[in-house]
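The values are calculated or read from the model by the stated rules, or taken from the named source; none is laboratory data. On a predicted model such as this, the values are computed, not experimentally measured, just so you know. As a convention, Cβ positions derive from the backbone with ideal geometry for all residues, glycine included, and neighbour counts pool all protein chains shown.
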């Protein structure tokens, strides 16, 4: 009987065999960590500190794309940015075992920063300024390029093909997403935005504060795109609060690179993209046994009612004036 999903083959023995193929000796202590797209484990080693093993989702990234993620991390690490670069063995960082690409990382603990605190937000702005300065030096060749119009059209197709979308929401979902696509076609293309290498999914869950050092983690979605993609998810609260937060981020960012205030009108476009893609992501991963367990509410019709409401709110937000930013 064949396995219904590749990750069902990733038993503890397979994880240990993969790691020991690189010369380590495991002590059989394996703890799964919070990750849905990939499988990530803390693995105990004999006579050494535990390491983190990341097994990439099959067929998602090419080896060249994963290598670019690793090389970008190493470039940032060499420039003394607080990131966690993968371990290299004989100069290699991307390994294969029984059909899986995997990588090893040193363990880093910490707590999520409080971006309601001005000091943490300003520090994040400084790290982003440095990250984007390095990210602008050369483009990715194998990673994806963020394109809101294309990305939302692709996400729309995934949802409309999915049995997860209830039939009674299908026409309304199609109409609302068509409206968004039409609006982006007319208003959403901005040729003056510089495309650079980004973290791609920077929110408080992808930052760790440890011993007053703010680490940036999980570059799995690193991509080519506008700087504002790494900024807008740090914002929260009402419009006035978000404007204040932008100024605090800019204070740190400007130390290393001019803050991209001309990209502020992109914020609602990027927010809409994330909302549409999130539903498509859940649809496309529903065959992974971990997803129904982690997201039981997704199978509830209430999710789609809330999603439709979010799409309507975003249609209104796209047409409102952008957040004000005063030098």
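When residue 55 is tested against the conditions (1) surrounded by 13 or more Cβ atoms within 10 Å (Cβ to Cβ); (2) at pLDDT 95 or above; (3) over 23 Å from residue 143 (Cα atoms), the lone failure is (3).
Take residue 60 and decide whether it is loosely packed, with under 14 Cβ neighbours inside 10 Å, within 16 Å of the chain's Cα centre (by Cα) and either at positive phi or not assigned by TED's automatic domain parsing to the domain that holds residue 292 (or both). For residue 60, the condition - loosely packed, with under 14 Cβ neighbours inside 10 Å, within 16 Å of the chain's Cα centre (by Cα) and either at positive phi or not assigned by TED's automatic domain parsing to the domain that holds residue 292 (or both) - is met. Residue 322 meets each of the listed conditions (1) touching a helix residue (DSSP H, G or I) at 6+ places or on another chain (Cβ under 6 Å); (2) part of a loop (DSSP other than H, G, I, E, B); (3) buried (at least 19 other Cβ atoms within 10 Å of the Cβ) apart from (3).
Within the range 155-182, the set of residues being surrounded by 12 or more Cβ atoms within 10 Å (Cβ to Cβ) and assigned to a loop (DSSP other than H, G, I, E, B) comprises 162, 164, 165, 166.
Every condition in (1) in contact with a strand residue (DSSP E or B) (Cβ under 9 Å, 6 or more places away or on another chain); (2) under 24 Å from residue 223 (Cα atoms); (3) assigned to a helix (DSSP H, G or I) holds for residue 96 except the one numbered (3). For the range 27-43, a residue qualifies if it is out of contact with any strand residue (DSSP E or B) (no Cβ under 6 Å at 6 or more places or on another chain) and either loosely packed, with under 13 Cβ neighbours inside 10 Å or at pLDDT 95 or above (or both), and the qualifying residues are 28, 34. Would you confirm, using the coordinates I've provided, whether residue 92 is more than 30 Å from residue 242 (Cβ to Cβ) and outside the structural domain of residue 250 (by TED's automatic domain parsing)? It is true that residue 92 is more than 30 Å from residue 242 (Cβ to Cβ) and outside the structural domain of residue 250 (by TED's automatic domain parsing). Say whether the condition of being at positive phi and either surrounded by 20 or more Cβ atoms within 10 Å (Cβ to Cβ) or assigned to a loop (DSSP other than H, G, I, E, B) (or both) is met by at least one residue in the range 186-194. Within the range 186-194 (the criterion being at positive phi and either surrounded by 20 or more Cβ atoms within 10 Å (Cβ to Cβ) or assigned to a loop (DSSP other than H, G, I, E, B) (or both)), the answer is no, since none of the residues qualifies. Among the residues making up the range 44-56, those that are touching a strand residue (DSSP E or B) at 6+ places or on another chain (Cβ under 8 Å) and either closer than 23 Å to residue 222 by Cβ or in a loop (DSSP other than H, G, I, E, B) (or both) are 46, 51, 52, 53, 54, 55, 56.
With the structure loaded, tell me whether residue 198 is surrounded by 16 or more Cβ atoms within 10 Å (Cβ to Cβ), at pLDDT below 95 and within 23 Å of residue 132 (Cβ to Cβ) or whether it fails that test. So residue 198 fails the test.
None of 47, 78, 71 is surrounded by fewer than 12 Cβ atoms within 10 Å (Cβ to Cβ), modelled with pLDDT of 95 or more, out of contact with any helix residue (DSSP H, G or I) (no Cβ under 8 Å at 6 or more places or on another chain) and farther than 27 Å from residue 293 by Cα except 78.
Tell me yes or no: at least one residue of the range 15-23 is within 17 Å of residue 288 (Cα to Cα), touching a residue at least 60 places away in the same chain (Cβ under 8 Å) and surrounded by 14 or more Cβ atoms within 10 Å (Cβ to Cβ). Taking every residue of the range 15-23 in turn, none turns out to be within 17 Å of residue 288 (Cα to Cα), touching a residue at least 60 places away in the same chain (Cβ under 8 Å) and surrounded by 14 or more Cβ atoms within 10 Å (Cβ to Cβ). Scanning the range 282-314 for residues that are touching a residue at least 12 places away in the same chain (Cβ under 8 Å) and not in a helix (DSSP H, G or I) yields 285, 286, 287, 288, 289, 295. When residue 264 is tested against (1) within 27 Å of residue 158 (Cβ to Cβ); (2) surrounded by 13 or more Cβ atoms within 10 Å (Cβ to Cβ), exactly one condition is not met: (1). Would you confirm whether or not the range 248-255 contains a residue that is part of a helix (DSSP H, G or I), surrounded by fewer than 19 Cβ atoms within 10 Å (Cβ to Cβ), at negative phi and touching a helix residue (DSSP H, G or I) at 6+ places or on another chain (Cβ under 8 Å)? Yes, there is a match, as at least one residue in the range 248-255 is part of a helix (DSSP H, G or I), surrounded by fewer than 19 Cβ atoms within 10 Å (Cβ to Cβ), at negative phi and touching a helix residue (DSSP H, G or I) at 6+ places or on another chain (Cβ under 8 Å). Here 149, 208, 214, 131 are screened, and the one residue that is under 30 Å from residue 105 (Cα atoms), in contact with a helix residue (DSSP H, G or I) (Cβ under 7 Å, 6 or more places away or on another chain) and at pLDDT below 95 is 214.
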